[in-house]
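Any read-out appearing in this document is the output of simple, stated calculations on the displayed coordinates, not a laboratory observation. Note that the coordinates shown come from a computational prediction; the quantities given were computed from them, not determined experimentally. Positions of Cβ are backbone-derived with ideal geometry, glycine not excepted, and every protein chain shown enters the neighbour counts.
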Amino acid sequence: MGGFFGAALKRDAVTDVFFGVDYHSHLGTRRAGMVAVNELDGFQKDIHNIENSPFRTKFEGVTETMHGASCIGCISDTDAQPILIRSNLGVYAISTIGIINNSEALVNQFLSFSGGHFNAMTGGKVNSTELAAAMLNQKSTFAGGIRFAQNMIEGTCSMLILKEDGHLIAARDKLGRLPVLIGKGPDGYCVSFESFAYEKLGFETERELGPGEIVEISCDEIRQLAPPLPEKRICAFLWSYYGYPTSTYEGKNVEVMRCENGARMAREDREAGTLPEVDYVCGVPDSGTPHAIGYSNESGIPFARAFIKYTPTWPRSFMPQNQNQRNHVAKMKLIPVKELIAGKKLLFVDDSIVRGTQLRETVEFLYENGAKEVHMRSACPPIMYGCKFLNFSRSTSEMDLITRRTIMELEGEAGFAHLEEYADRNAQRGKELRRAICEKFGFTSLDFQSLSSLIAAVGIPEDQICTYCWNGKE
């Protein structure tokens, strides 16, 4: 995944962008960068690896060495960016969010007719932001180039550009799977993925870009370069998992949605006669916690924090890239409150169940600390398909998914023709999936939120939400 933040102001913008980018640290763990421009120094760029140290530490002092009334920055889980480009459109800095699935085909196509070249990274891969810029540069205007790139790219690509004249160009991805918001302050405008990032800096929401919309922003005005496209498919996982609790997308706050979503799960359990008799409802922190609070409020079962994550030295933005190390760190972070676990029947709500690796260790951890029963609820439906539109999952194959692996064990590849039945808690195959996962992990009971209830909790029309990872519908 990743996130960007930019500002065009009537004063120095570097401090605002520094804090604005830092507020996107939950969206990426690999690279971060900032670029500013002014008339005296031109473009100034600073990029760092943040795999072993958080953004704020690596960019300490940047507000003293970098200056400009216009500045952009990003957190990235992929390639180093923003990058500087010199082309027929002039010199500019560009940052992107998303994933380009057909990058090899685009590279080969570009090289076949341009006679140009790319800066190859380790393994021969091309920086995806550089590839997006190469597509953009095929046209004589930024708007034409961005629209061309959007049409060529299979996947998702939002862009934030800083021009030589200090103007910003912001473009939301073609189907609006990710948010791009504009904030207005007394000294100008900013562009952000997360709304709270600019609210904390004294900006107010001016508006959210529509799908594929392209705008040019100066300190004085916003000028539309291309209107929104008619179709929208914003990612529902923004609300259920990776969006920050204080953010609002499409007018819907994340924390409010999660509490409502949890309440709907409790109502479904009550109506199905599966509301368990437990001592406490708990959340798998951090994003599972508000879902659990909603479940607790609706069910009347007390909420408790049976374990706490120790984050001062291992925050979300400071995690090893090695899977074994990540698993070890995840286990080390869990600090039990034994008085709330020993001899207790507990129901835990997690934001999702993807691979199940860390969840297995969490359940073992609870039983080791004396839990009598562990019931599990997933705040979203069973994930049946690997996301192909965004870059927020580390899964490299659909067989990484616990649902796919379990279905394969139950009836082989033939079971993949019945994914809709496996997702349904009332269907026989759905009951078998839940039973098998319960046995695999040692849950006392397990269920998933229904897709209809999750969509209702988001509060946006179903045809405007991307639900591909649950039902395969694009």
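Exceedance of the 23 Å cut-off in Cα-Cα distance is limited, within the set Lys125/Lys163; Lys10/Lys45; Lys45/Lys174; Lys58/Lys388; Lys163/Lys232, to Lys125/Lys163; Lys45/Lys174; Lys58/Lys388; Lys163/Lys232. Under 16 Å from a label point set 7 Å out along the Cα-to-Cβ vector of Glu164, the amide N atoms of segment 72-96 belong to 84-94. When the chain is described by a simple charge dipole with +1 on each Lys and Arg Cβ and -1 on each Asp and Glu Cβ, the residue from Ser128, Ile75, Gly356 located farthest towards its positive end is Gly356.
Ranked for footprinting exposure by Cβ neighbours inside 10 Å, fewest first, Met332, Met34, Met159 give Met332, Met159, Met34. Close amide H partners of Phe307, meaning residues 5 or more places away or on another chain with modelled amide H under 5 Å apart, are Val337. Mean projection of the Cα convex hull over all viewing directions, computed for the chain: 22.4 nm². With θ taken as phi - 60° and the Karplus curve 6.51 cos²θ - 1.76 cosθ + 1.60 applied, the whole-hertz 3J(HN,Hα) list for segment 411-419 is 8, x, 4, 4, x, 5, 7, 10, 4 Hz, x standing for glycine and proline.
Net length available on complete extension from Gln138 to Glu231 is 31.0 nm, with 0.36 nm assigned per residue and the Cα-Cα distance removed.
Placing a pseudo-label 7 Å from each Cα along the Cα-to-Cβ vector at Arg305 and Ala456 gives an inter-label distance of 3.1 nm. With the simple spin-label model, which puts each label point 7 Å out from Cα in the Cβ direction, the Asp41 to Thr246 separation comes to 2.9 nm. Note on segment 2-230: Rg/Rh from C-alpha atoms, Kirkwood Rh, equals 0.94.
Taking Lys and Arg as +1 and Asp and Glu as -1, the other residues whose beta-carbon sits under 11 Å from that of Lys174 total +1.
Summarising the amide proton neighbourhood of Ile214: residues at separation of 5 or more, or on other chains, whose placed amide H is nearer than 5 Å comprise Leu225, Ala226. Debye sum, Cα scatterers, segment 252-471, no solvent: what log₁₀ I/I(0) at q = 0.09, 0.11, 0.12 1/Å? The Debye formula, applied to the Cα set alone, gives -0.35, -0.53, -0.64. Once the other residues with Cβ under 15 Å from the Cβ of Glu298 are scored (Lys, Arg +1; Asp, Glu -1), what is the net sum? Once positives and negatives cancel, what remains is 0. Summing Lys, Arg as +1 and Asp, Glu as -1, what charge do residues with Cβ under 12 Å from the Cβ of Glu39 carry, Glu39 excluded? Neighbour charge sum, excluding Glu39 itself: -3. Relative contact order of segment 252-471, taken over Cα pairs closer than 8 Å and 6 or more residues apart, is 20 percent.
Here the Karplus relation 6.51 cos²θ - 1.76 cosθ + 1.60, evaluated at θ = phi - 60°, turns the backbone of segment 233-243 into coupling constants of 9, 5, 5, 5, 5, 3, 7, 7, 9, 9, x Hz, with x for every Gly and Pro.
Annotation: amide H-H contacts under 5 Å for Glu206 (H modelled 1.01 Å from N, sequence separation of 5 or more, or interchain): Ile182, Gly183, Lys184.
Label point of Met408 set 7 angstrom out along Cα-Cβ; within segment 373-391, amide nitrogens under 19 Å from it belong to 382-388.
If the segment from Lys388 to Arg56 were pulled out straight at 0.36 nm per residue, it would be longer than the present Cα-Cα gap by 116.4 nm.
Label separation (Asn49 vs Asp400): 2.1 nm, computed from points 7 Å beyond Cα along the C-beta direction.
Please give every one of the lysines within straight-line cross-link reach of Lys345, meaning a C-alpha to C-alpha distance under 29 Å, and leave out same-chain neighbours fewer than 8 residues apart. Straight-distance partners of Lys345: Lys309, Lys331, Lys333, Lys372, Lys431, Lys440. Taking 45 Å as R0, compute the FRET efficiency from the Cβ-Cβ separation of Tyr367 and Lys10 and round it to 0.05. Result of the calculation: an efficiency of 0.15. For segment 368-377, the Karplus equation 6.51 cos²θ - 1.76 cosθ + 1.60, evaluated at θ = phi - 60°, returns couplings of 4, 9, x, 4, 7, 9, 10, 9, 10, 10 Hz by residue, with Gly and Pro reported as x.
Looking at the chain, send over the antiparallel percent of its DSSP beta bridges, to the nearest 5. Here the antiparallel bridges make up roughly 80 percent for the chain.
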